[in-house]
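What follows is a single structure, written as structure tokens, with notes after it.
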Amino acid sequence: MLSNLKPQAEDKILALMGQFRADPRQNKIDLGVGVYKDATGLTPVMRAVKAAEKQLWEAETSKSYTALAGEPAFHAAMAEMVFGANYPKDRLSALATVGGTGACRQAFELARIANPGFTIWVSNPTWPNHLSILSFLKQDHKLYRYFDSAARAVDFTAMMADLDGVKPGDVVLLHGCCHNPTGANLTLAQWSAVADLLEAKGAIPMIDLAYQGFGDGLDEDAAGTRLIAERLPEVLVAASCSKNFGIYRERTGILMVLSDPADRALTQGTLAYLNRQTYSFAPDHGARLVTMILTDPALRTEWQTELEAVRQGMLGLREQLAAELKRLSNSDRFDFIAQHRGMFSRLGATPEQVEQMRIKNGIYMVGDSRLNIAGLNAETVPILAQAVIDAGV
Ligand code: PMP
């Protein structure tokens, strides 16, 4: 049986991580994998997470199973963070998942059960795992234009022109904030135009929210999602706690679904069924920490302070890099780096230039020239800027 297996394509980003580890150079710079790093290159456990873990260790008396769909307190805390305090409780179904990836996967599965034959529309480019999972599921998907590579900005006219082809019941996948890999995001006016279009077409928005708090702030980064939630009758939101709580390996995520209140019980039941068919219960540890942090005022303040410092740090690096590139190139063609939000920007380098920077300078970025801003620090910004200019970007 097993000799029938075929080699699977490597995940390019994970392969790059391996290459970086094997590089003996001391001064190598990792701008590849999407993990936040502080100025010393570490991915710290956040203070509030440590404190919550301590409290949990002391108070937890059982590790028996929780609920199939996860704890209601986790659902409520996350719904409040994403949709705001006045979220529509009568419209909400929720499912604790294995990270944001699990939330995406279960969202696809839910849509497939509810409406076989739909097409999902995905931004070009998008997080590669969206496409990989959709292909694995043999799910019909189409790309909509999103990014103008020359302008390094959202090509909204092209996006809307492509989405004009959406059919009733189709799902449109949008990045809630901090678009991965481009860093280029919709304005609120553009979100509103997208809402109008989806409403007119009878399409269902699916929002992947993996970086809330990394762009313009917790509420600001949820503004597009909240607008869509208010305007559209059915909405899927796949949220990840990996980045904003720094709990990547705990695998904490949630799928939230807004529906007509009349469909809520059916939706919630189907969500629980989906967990049962895949891994039964989702991991609980991270979800419990997140719930404690979001509902305990002291822990929440501590977490928000640290998250804000992380966000400000990335903004500072963006500004520093844009300024350095402006100085070296004598032009404003890299100003987009300061305007983009989140952990990533797409530099606009060719694969050859990316390769040159890896070989000559030990700078690792994804082949499409996506760079992880958080991989930089005050010392490495000028090194990267010089390498970018030397490579002729
Ligand atoms: N969506 C996007 C856009 C992402 O960038 C990521 C993480 N790279 C995820 C979802 C999933 O994150 P996780 O499964 O680690 O929570």
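Things worth noting here:
- Alpha carbon centroid spacing (whole Å) that separates the stretch 73-145 from the stretch 319-393: 32 Å
- For the stretch 65-295: relative contact order, % (alpha-carbon pairs under 8 angstrom, 6 or more apart): 32 percent
- Estimated from the Cβ-Cβ distance and a Förster radius of 22 angstrom, the FRET efficiency linking Lys360 and Asn330 is about 0.50.
- Remark: spin-label model distance His285-Ala265 equals 3.8 nm, labels positioned 7 Å along the Cα→Cβ axis.
- Once the Cα gyration tensor of the stretch 65-295 is diagonalised, semi-axes √(5λ) in Å: 26, 19, 17
- Across the options Thr97, Val235, Val33, the greatest Cα extent toward the positive end of the charge dipole of the chain (unit charges at beta carbon of Lys, Arg, Asp, Glu) belongs to Val33.
- For the listed residue pairs Lys142/Lys167; Lys243/Lys326; Lys6/Lys138; Lys28/Lys50; Lys28/Lys360, the alpha carbons are over 19 angstrom apart in Lys243/Lys326; Lys28/Lys50.
- Backbone amide hydrogens, once placed in the peptide plane, bring Ile29 within less than 5 Å of Ile363, Tyr364, excluding anything fewer than 5 places away on its chain.
- Using only the C-alpha atoms, the convex hull of the stretch 191-336 corresponds to 157 Å³ per residue.
- Top positive-direction residue, dipole computed over the chain with Cβ charges, set Met81, Leu163, Thr126: Thr126
- Cβ crowding within 10 Å averaged over residues, with 351-357, 370-376, 23-29, 284-290 ranked highest first: 370-376, 284-290, 351-357, 23-29
- For the stretch 245-393, a crude dipole built from +1 on the beta carbon of Lys and Arg and -1 on the beta carbon of Asp and Glu, taken about the Cα centre, is about 200 debye to the nearest 20.
- Probe 1.4 Å, protein heavy atoms only - accessible area per residue of the chain in square angstrom: 45 Å²
- Prolate/oblate/rounded call for the stretch 321-369, Cα gyration tensor, a/c under 1.5 rounded: oblate
- The angle between the Cα long axis of helix 47-59 and the main principal axis of the chain comes to about 40°, on a 0 to 90 degree scale.
- Cα gyration tensor shape of the stretch 1-82, rounded if a/c is under 1.5, else prolate or oblate by comparing a/b with b/c: oblate
- Principal axis dimensions, the chain - Cα atoms, whole angstrom, descending: 60, 55, 53
- Computed from the alpha carbon atoms alone, the convex hull of the stretch 176-255 holds 89 Å³ per residue.
- The phi-based Karplus calculation (6.51 cos²θ - 1.76 cosθ + 1.60; θ = phi - 60°) puts the 3J(HN,Hα) values of the stretch 236-245 at 10, 10, 9, 10, 10, 9, 4, 7, 6, 10 Hz, whole numbers, x for Gly and Pro.
- Extension gain from Asn86 to Glu352, taking 0.36 nm per residue of separation minus the Cα-Cα distance: 90.8 nm
- Taking each DSSP H run with n ≥ 4 as -39500 (n - 2.57) and averaging over every residue of the chain yields -14500 deg cm²/dmol at 222 nm.
- Cα pair count fraction exceeding 14 Å, expressed as % - the stretch 48-134: 77 percent
- Highest mean first, the peptides 340-347, 292-299 sorted by other C-beta atoms within 10 Å per residue fall in the order 340-347, 292-299.
- Amide H to amide H, with H built 1.01 Å from N, Leu376 comes under 5 Å of no residue 5 or more places away or on another chain.
- Total charge dipole magnitude, the stretch 3-54, about the Cα centre, Cβ charges on Lys, Arg, Asp, Glu only, Debye to nearest 20: 120 debye
- Difference of contour (0.36 nm per residue) and Cα-Cα distance, Ala158 to Ala59: 30.3 nm
- Spin-label model distance (nm) - Glu199 vs Asp390, 7 Å beyond Cα toward Cβ: 5.4 nm
- Student exercise, the stretch 65-295 dipole from Lys, Arg, Asp, Glu Cβ charges, in Debye to nearest 20: 620 debye
- Solvent-accessible area assigned to carbon and sulfur over the chain amounts to 54 percent, based on a 1.4 Å probe.
The values are calculated or read from the model by the stated rules, or taken from the named source; none is laboratory data. Here the structure is a predicted model, which means the values were calculated and not measured. When we count neighbours, we look across all protein chains shown, and the Cβ atoms used for this are built from the backbone with ideal geometry, even at glycine. Just the protein is used for accessible areas: all its heavy atoms, side chains included, with ligands, DNA and RNA removed. Shrake-Rupley method; radii C 1.70, N 1.55, O 1.52, S 1.80 Å.
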